[in-house]
1. For segment 475-491, how many residues meet the condition of being surrounded by fewer than 16 Cβ atoms within 10 Å (Cβ to Cβ) and not hydrophobic (A, V, I, L, M, F, W, C)?
2. Assigned to a loop (DSSP other than H, G, I, E, B) and either more than 30 Å from Val282 (Cα to Cα) or within 16 Å of the ligand (Cβ to nearest atom) (or both): does that describe Glu423?
3. Within segment 225-294, considering only helices (runs of 4 or more DSSP H) that don't extend past its boundaries, which have at least 2 residues that are touching a residue at least 60 places away in the same chain (Cβ under 8 Å)?
4. Taking into account only those residues within segment 169-208 that are within 16 Å of the ligand (Cβ to nearest atom) and hydroxyl-bearing (Ser, Thr, Tyr), which is surrounded by the fewest Cβ atoms within 10 Å (Cβ to Cβ)?
5. For Asp138, only one of the following conditions fails: (1) within 16 Å of the ligand (Cβ to nearest atom); (2) touching a Pro at 6+ places or on another chain (Cβ under 7 Å); (3) of a type outside the set (Gly, Ala, Ser). What is its number?
6. Just for helices (runs of 4 or more DSSP H) wholly inside segment 1-104: which have at least 3 residues that are touching a His at 6+ places or on another chain (Cβ under 8 Å) and assigned by TED's automatic domain parsing to the domain that holds Thr396?
7. Report the residue count in segment 166-203 for those that are in a loop (DSSP other than H, G, I, E, B), in contact with a strand residue (DSSP E or B) (Cβ under 8 Å, 6 or more places away or on another chain) and small (Gly, Ala, Ser).
8. State all residues of segment 350-369 that are within 24 Å of the chain's Cα centre (by Cα), away from the ligand (no atom under 15 Å from the Cβ) and assigned to a strand (DSSP E or B); if no residue qualifies, say none.
Amino acid sequence: MHLSRLLFKTQKHDPTEAELASHRLLLRAGYIRRMGAGAYVLTPLACRALRRLEDLVRQKMESLGGQEILFPIVLPMPHEEAVTDLVGAMVDSYRQLPLVVYGIQSALRQEDRPRGGLLYPRQSVVKTAYSFHAAEDDLQDLLMTVRDMYERVFAELSLPVLKVRSDPKNADKPSAYAFYFLTPHGEDSALTCPACGYAADQKMAQAVKGGGKCSGEEGELEERHTPGCETIADLCQYLGCTPRQTLKSVFFMADEQPVLALIRGDLDVNPHKLSKILGTDVQTLSAEEAERFGLSVGYTGPVGLRTAAPPLLVADDSVPECGPLVTGANRPGYHLTGVRYGRDFTADLIGDIALAEAGQPCIKCGAALEAHRGVEIAAVARLDSKYSAGMNALFTDEEGTSHPLLMGSYGMDLTRVLACIVEHHHDEQGIVWPPAIAPYPCHLITVGKKEHVRAAADELYQALGENKVLFDDRPTSAGVKFMDADLLGMPVRITVGDRSLAAGGAELVCRRTGRTETVALAQVPEAVDHMLNASTTDRSD
Ligand SMILES: [Zn+2]
């Protein structure tokens with residue numbers, strides 16, 4: 001490709017609206033142009049990088065036997081339901097299984113505050129894939145195969161990722177993983193254990209809650225006047241107790257049903273876990289909403305609760321085994337002490353609803369957990385018969401008996417992967433594309449306007465092929481050309497000028513390492529391949 005013909009324009013200075021490196025560099029190098037909040041046009045160079053990424057992923061999916069499908073963008077239902085409907089209608093027998101279908105296409109994102117350029121845009125190109133199986137072992141095998149394949153893809157892209165478990169309950173048999181690119185700008189968080197390697201999505205992570213029985217004493221239920229004690233800290237100071245000896249009551253709404261989540265005062269409620277237990281999304285109640293339900297904010301408790309609509313009581317699994325506890329007395333300015341689970345109140349549901357946090361002991365080995373922020377770029381999960389059972393998507397086994405199809409789902413956000421690659425691979429001068437998805441492997445520059453220099457460059461362009469080289473044939477200064485080459489970030493820069501020709505041919509510079517060599521013109525294609533391989537394999541990051 002000749003740069004003089006390419007739709008592109010670089011900017012000398014950093015755009016002011018961009019905070020993230022990827023956002024700033026993609027704008028400055030002219031790879032993207034903003035069209036509205038979270039809406040970007042990808043220019044030809046960015047399209048090429050994205051296409052290469054798509055091709056890489058497509059090839060991996062095909063090697064797993066995947067068959068490509070194309071969903072309509074105006075889909076009246078979630079992808080999971082659409083694909084269950086499709087396969088349910090077309091597959092009848094175990095003989096047609098297993099089956100893997102996938103699609104690579106644009107998808108709208110529910111991004112309330114789009115930001116960071118391609119990191120949190122309102123639209124992404126995503127790879128979605130679903131597998132269908134007759135046997136559970138077969139589904140489990142594929143889940144692990146795709147998980148491992150994802151790890152290899154990220155290794156090929158030289159993109160460091162954190163693989164975390166994202167199962168609803170971290171059981172021994174893994175059923176879901178997410179892949180995070182770690183960045184302080186990410187909106188997802190993960191907890192890891194430096195001692196045993198436990199790594200989990202914070203939404204689902206578990207930690208040792210400790211404590212056991214707070215005290216064996218049987219205390220009497222007693223109402224105490226506790227003026228101004230609306231927080232756990234105030235309460236503890238006033239009564240001389242520890243947060244672990246208190247019971248926190250947090251109100252949520254699940255559909256139209258109010259829910260009172262009960263948890264020890266030293267822990268916090270994890271709304272995602274609560275949602276899982278209830279099987280529906282939950283929203284926190286604001287203080288005003290809570291008062292409308294007749295609740296005494298700061299003094300709510302499960303004992304003697306009288307409200308218009310009785311809430312569903314959901315207790316963390318640490319609650320029944322501890323006590324006596326201090327809880328709100330449902331009367332402003334008063335708390336109850338000596339409260340016991342079982343004697344004074346019971347819950348409708350009990351389960352793990354605690355938010356695991358950094359510093360808490362690892363569920364596997366007890367070492368202190370560490371927290372990380374990141375952006376989720378890929379995920380794999382077993383869906384089992386979650387969709388197929390309800391949608392009557394069945395197959396018949398060898399005996400002729402019908403069963404719901406067993407399903408797995410495998411997603412990857414390719415636009416976001418592209419942004420993360422730039423976020424990770426750049427320097428002061430610009431982008432440093434890894435060879436696997438660079439728009440072009442080489443960037444060819446001529447220095448000076450002499451005929452024989454241009455003839456030598458044309459010869460190289462022919463030898464390398466137009467798909468392999470971006471040729472800066474603009475009648476502009478060498479300084480501008482070098483600056484643009486660094487900003488655009490192709491892995492190998494080839495310079496031809498009087499000086500290089502006198503030294504024996506063309507000068508090759510590895511964009512990432514800065515390694516420079518001069519090679520005879522005829523040897524350039526071979527030397528380029530060598531440099532690309534070295535740039536790929538000697539990455540220690
Ligand atoms: Zn551990």
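1. 4
2. Criteria not met by Glu423.
3. Answer list for segment 225-294: 232-239, 271-278.
4. Within segment 169-208, the match that is surrounded by the fewest Cβ atoms within 10 Å (Cβ to Cβ) is Thr192.
5. Of (1) within 16 Å of the ligand (Cβ to nearest atom); (2) touching a Pro at 6+ places or on another chain (Cβ under 7 Å); (3) of a type outside the set (Gly, Ala, Ser), only one is false for Asp138: (1).
6. 21-28
7. Count: 4.
8. Residue satisfying the conditions is Ala354 alone.
The values are calculated or read from the model by the stated rules, or taken from the named source; none is laboratory data. Just so it is clear, the structure is predicted and the values come from calculations on it, not from any experiment. Here the Cβ is made from the backbone with ideal geometry for all residues, glycine too, and neighbour counts use every protein chain on show.
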